[in-house]
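Student: The structure's right below; bear with me while I get my questions together.
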Amino acid sequence: MPVITELLKLRTFCKRKGIKLYLSNNIQLAIKLGFDGAYIPSFNKSLRHLNYKLKKNFRILGSAHNIKEIRLKEKQKVSLIFISSIFKKNKNYLGLYKFINLEKLTSINIIALGGINRRNLKILSLTNCSGFAGISYFK
């Protein structure tokens, strides 16, 4: 139970600071602990959470790298999808044009992810993404 205690401390801290808190890959625990939502990674194909009773403001986020995963996230009823990788050349590399084509295939809000930094940030204006997330930008 020490992990649960630490998560509850983190929840209290975040609530005091007005920070949203999401738990990765465990929706049931996020609900139990009163978090703001949960994140479903691209590899998680479960639809079990659709049977859970969710609070009104509980948000489910997801990630995808291709159209098959986007369709799965739609079935999982996520409210936002992180699509990667737009700039970082890794195994999930899309590039700008594939990213734009993927984001056109869903009505769910998209967050760009992967290799975003101050130099390529302006290029995101060519997309319809709702925002971006990344580590490179903040280094």
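Student: Can you tell me the length gained on complete extension of the stretch residue 74 to residue 50, counting 0.36 nm per residue apart and subtracting the Cα distance? Display every interim value, and only then the final one.
Tutor: Details: separation 24, 0.36 × 24 = 8.64 nm, distance 1.17 nm.
Gain on extension, residue 74 to residue 50, equals 7.5 nm.
Student: While we're looking at this one, here's another question. Tell me the label-point distance for the pair residue 135, residue 16, using the 7 Å Cα-to-Cβ offset, in nm and rounded to one decimal.
Tutor: The answer from the label model is 2.8 nm.
Student: Could you give the angle, 0 to 90 degrees to the nearest 10, between helix 2-17's Cα long axis and the longest principal axis of the Cα atoms of the chain?
Tutor: With rounding to tens, the tilt is 70 degrees.
Student: Residue farthest toward the positive end of the dipole of the chain, with Cβ of Lys/Arg at +1 and Asp/Glu at -1: which of 127, 70, 26?
Tutor: Ranked along the dipole, the leading option is 26.
Student: In debye, nearest 20, what is the charge dipole magnitude of the stretch 21-138 about its Cα centre with +1 on Lys and Arg Cβ and -1 on Asp and Glu Cβ, if you could check?
Tutor: Working: 20 positive and 4 negative charges, 28 e Å.
That gives the stretch 21-138 a dipole magnitude of about 140 debye.
Student: May I ask for the equivalent-ellipsoid semi-axes of the stretch 66-139, computed as the square root of five times each C-alpha gyration tensor eigenvalue and listed largest first in whole Å?
Tutor: Numbers: eigenvalues 82, 29, 26 Å².
Taking √(5λ) for each Cα gyration eigenvalue gives 20, 12, 11 Å.
Student: Please give the FRET efficiency for residue 122 paired with residue 25, using the beta carbon to beta carbon distance and R0 = 30 Å, rounded to the nearest 0.05.
Tutor: 0.35
Student: Among (1) 15.1; (2) 16.1; (3) 18.8, only one was calculated for this model; which label is it, if the read-out is Kirkwood radius over Cα pairs in Å?
Tutor: Recomputing Kirkwood radius over Cα pairs in Å here picks out (2).
Taken together, the values in this text are just the output of simple stated rules run on the coordinates, not laboratory data. What you see is a predicted model; the values in this text were computed from it and never measured. Positions of Cβ are backbone-derived with ideal geometry, glycine not excepted, and every protein chain shown enters the neighbour counts.
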